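Encoded as structure tokens, the structure appears first; notes follow it.
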Amino acid sequence: MPVDVEDLMELQMPHSVSAEQAVLGAMLVNEQCIPQVMERLRPEDFYMRQNRELYQVMFTMFNRFETIDVVTVPDRMKQAGVYDEGATLPYLAQLMGVTLTAASVMDYVEMVADKALLRRVGETAGEMYSVIEAIEPHMPKDKIRYLMGVGTPANLLEAVRRGVDLFDCVMPTRNARHGHAFTMEGCRNMLNAKYTLDEAPLDETCDCPVCRRFTRAYIHHLFKAGEMLAMRLTVMHNLYFYNHLLAKIRDALDEGRFEAFYKENIETVGRRI
């Protein structure tokens, strides 16, 4: 069977279909949330094409001070050439079937924004590595090489391999608040249903207080229940993980085995599990 390239990209690139649909549905049934959503998101933040096209139409309507509702939106979609005679109305009805509070809408908005940011980081990572390679030979050998705002565990490995010494980034804490736990096996999304009954720790190789005391199932439950403790525990784990990842990198450098450490871990720490 031939592989559909678009379907393959949808599997690989960070995105959340449910979050995108929740935001669009909320806008169709609750006009009060529209200004906040429009302030935070742009059409390109939506990954799924039909969602991006729908939001583009509503984005244009908002900027023209037009009423956004289920009656006017299909007409504007027809004018924009993105209306599907057999699919658009059923899809709009599906979107409107999701009931959200005002607060939860913004949670989904942040999720869409975070996924969009991760995609942009992935697209520009190659350029970043090329720039580091170009300037590293010209940097003072007796000065610390600092890379601002980076990044994922894979980014750290790639940057250290190119001569960077020091990093700072909000990723371990910000992503933790959205349920993303970093491990040596990859990044876990603790909102996923597969963790409902999982009695293992976040990372079976981790010795942090969270992994010693709590299970994936418990942390998943806390996120689903909206408990702040879920964010606190995941932040604690991620900070511990980042600190110990850098300690392992330093040890590998000191012992002359960084290249082996890099090859052993680069594929796993960068994946989503």
Where does each of Lys224, Lys78 land when they are ordered by accessible area, with a 1.4 Å probe and the largest first?
Lys224, Lys78
Here the relative contact order (percent) of the chain, from C-alpha pairs under 8 Å and at least 6 apart, is 16 percent
Given unit charges at Cβ for Lys, Arg (+) and Asp, Glu (-), the dipole magnitude of segment 198-273 about its Cα centre in debye, nearest 20, is 300 debye
Under the √(5λ) rule applied to the eigenvalues of the Cα gyration tensor, what semi-axes describe the equivalent ellipsoid of segment 147-273? Give them in Å, descending.
27, 15, 12
Under a 1.4 Å probe, what is the accessible area of the chain per residue, stated in Å²?
55 Å²
Jot down the radius of gyration and Dmax of segment 153-206, Cα atoms only, both in angstrom.
13.6, 42
Report the residue, chosen from Gly163, Gly186, Gly151, that carries the largest GNM mean-square fluctuation when the chain is represented by alpha-carbon nodes joined by springs under 10 Å.
Gly163
Do you know the relative contact order of segment 198-267, to the nearest whole percent, from alpha carbon pairs under 8 angstrom that are 6+ apart?
23 percent
Please give every one of the lysines within straight-line cross-link reach of Lys263, meaning a C-alpha to C-alpha distance under 24 Å, and leave out same-chain neighbours fewer than 8 residues apart.
Lys248
For the Ser104, Lys141 Cβ pair and Förster radius 35 Å, calculated FRET efficiency rounded to 0.05 is 0.10
Partner lysines whose C-alpha sits under 23 Å from that of Lys194, ignoring same-chain residues fewer than 8 away, are Lys115, Lys224
Vicinal HN-Hα couplings computed from phi for segment 33-42 (Karplus, 6.51 cos²θ - 1.76 cosθ + 1.60; Hz; Gly/Pro x):
7, 4, x, 5, 5, 4, 5, 9, 10, 10
MRE, 222 nm, helices only [DSSP H, n ≥ 4, -39500 (n - 2.57), over the chain, to nearest 500]:
-19000 deg cm²/dmol
What part of the accessible area of segment 55-151, given as a whole %, is carbon or sulfur when the probe is 1.4 angstrom?
59 percent
Where the Cα atoms of the chain are projected onto their three principal axes, how long is each span, largest first, in whole Å?
67, 46, 43
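The values are calculated or read from the model by the stated rules, or taken from the named source; none is laboratory data. Not measured: the values here are computed from a predicted model. Cβ atoms come from the backbone with ideal geometry, glycine included; neighbour counts cover every protein chain shown. Note: areas computed on protein heavy atoms with side chains; ligands, DNA, RNA excluded. Shrake-Rupley method; radii C 1.70, N 1.55, O 1.52, S 1.80 Å.
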